[in-house]
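See below for the structure under consideration.
The values are calculated or read from the model by the stated rules, or taken from the named source; none is laboratory data. Here the structure is a predicted model, which is why all the values come from computation and not from measurement. Neighbour counts run over all protein chains shown; Cβ positions are idealised from the backbone, glycine included.
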Amino acid sequence: MKDHRQNPLPDAERDIRLAEGVPRTPQTLSPSYQLAFHDLDFLKQDELRPVRLQLELLKPELILNEQNVQSTVVMFGGARIPSPERRDMARSPAMAELSHYYDEAREFARLMTEESLKTGGTENVVATGGGPGVMEAGNLGAIDAGGRSIGFNIVLPHEQAPNPYVTPELSFNFHYFAIRKMHFLMRARAITIFPGGFGTLDELFETLTLIQTKRMNPVPILLFGREFWETIVNWDALKNAGTIAPEDLDLFHYVETAQEAIDLIKASEA
């Protein structure tokens, strides 16, 4: 990202080149001599964590602004859900039964991207976690529509290499889960939640908590698959115990199909 504004002071790249061109002496080879912003060992120190948090928030923000992404529609869901063509590779029969949600996610992203492209492709851009499963389906659906999509990846020991359908210019990688979550929600106009595991549940309840506590403006939260979610979460038990208010159950809606989700999002924007 080049800053084209006129500035009488030297830019960082020039000083890096100049510093690298000085004679190699004990003094210039010392770690203490390296420019602070060009010294990775320095930036990786524990004491620099606040700076790294700031950088991880700022870099995607600048790129998303540069790419003119005004708003997003977020797709959360399981990384292990296979496409129907690969359902025989599912880790369990129950997982194989969830494979149709891959197609629903792909179709939803296709329809959503088509709607986005009608207004220039800057609003309601599909955003996923960038990995396999439901995330892959979302990014693939955007390609089906001839549009772009975002992948907010995170460094994990497994599963989380970027899928090949994320728009390369909108493929991000995070170290901090907290900052990644912020980017999921900062531009979100709607949140779709497909069946998933701990990560999906975490993302769902984080969003519900922010809206419930009025730390975030309400947006449509659409849960794909009533049967799955009512099996996983006993919402009525929470309500009956008084740990949530009855009206908190109005913070989300169930949907079964991509078209149903699109219709609800469009109605919320009317």
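The table that follows gives values for the structure above.
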{"item": "Members of region 4-41 that are among the polar types (S, T, N, Q) and over 38 Å from the mean Cα position of the chain (by Cα)", "result": "Thr25, Gln27, Thr28, Ser30"}
{"item": "In region 181-209, the residues that are basic (Lys, Arg), touching a residue at least 60 places away in the same chain (Cβ under 8 Å) and not in a loop (DSSP other than H, G, I, E, B)", "result": "Arg189"}
{"item": "Criterion (within 16 Å of the chain's Cα centre (by Cα), in the same structural domain as Arg110 (by TED's automatic domain parsing), small (Gly, Ala, Ser) and surrounded by 13 or more Cβ atoms within 10 Å (Cβ to Cβ)) met by exactly one of Gly196, Gly225", "result": "Gly196"}
{"item": "The one condition in (1) modelled with pLDDT under 95; (2) farther than 30 Å from Leu223 by Cα that Arg80 fails to fulfil", "result": "(2)"}
{"item": "Which listed residue is touching a Gly at 6+ places or on another chain (Cβ under 6 Å), of a type in the set (A, V, I, L, M), on the phi < 0 side of the Ramachandran plot and free of Cβ contacts under 8 Å to residues at least 40 places away in the same chain, from Leu117, Leu140", "result": "Leu117"}
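For every residue, the table says whether it meets (1) among the β-branched types (Val, Ile, Thr); (2) touching a strand residue (DSSP E or B) at 6+ places or on another chain (Cβ under 9 Å); (3) not assigned by TED's automatic domain parsing to the domain that holds Leu53; (4) not in a helix (DSSP H, G or I).
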position: Tyr102; (1), (2), (3), (4): no, no, yes, no
position: Ala105; (1), (2), (3), (4): no, yes, yes, no
position: Thr113; (1), (2), (3), (4): yes, yes, yes, no
position: Thr119; (1), (2), (3), (4): yes, no, yes, yes
position: Ala127; (1), (2), (3), (4): no, yes, yes, yes
position: Asn139; (1), (2), (3), (4): no, yes, yes, no
position: Ala142; (1), (2), (3), (4): no, yes, yes, no
position: Phe172; (1), (2), (3), (4): no, yes, yes, yes
